[in-house]
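Enquirer: Questions regarding the structure given below will be posed in turn.
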């Protein structure tokens, strides 16, 4: 789902809320900008996390984690393919398997 507000707008609203005069509420700022007060609260919390004022995962850390998880999934898939190939190849090289069967004696001729 696309974000309903551009990042520049969110940044401006957060900046106004952070620099508000004493007595001005978050609810009033949210109303003035046409956003829900809870939305503005979330934006303010995200801004604190991004600046390190509150604990949490920053947007860049979250993106890095997503990329790392994607890479891990890919490597796990590649590992599974290699494991199956190794199992297949080890079975093909066992005595009595594969091309060595043709070296065994052939069935008796003439019986039908």
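Enquirer: What pairs come up if the first residue lies in segment 66-94 and is modelled with pLDDT under 95, the second is surrounded by 10 or more Cβ atoms within 10 Å (Cβ to Cβ) and part of a helix (DSSP H, G or I), and their beta carbons are under 8 Å apart, counting only those six or more places apart or on different chains?
Expert: What qualifies is 92/98.
Enquirer: Would you check if residue 100 is surrounded by 10 or more Cβ atoms within 10 Å (Cβ to Cβ), more than 15 Å from residue 10 (Cα to Cα) and modelled with pLDDT under 90?
Expert: When the stated conditions are applied, residue 100 passes them.
The values are calculated or read from the model by the stated rules, or taken from the named source; none is laboratory data. Quick caveat: nothing in here was measured; it's all calculated off a predicted structure. Virtual Cβ from ideal backbone geometry, glycine too; neighbours counted across all protein chains shown.
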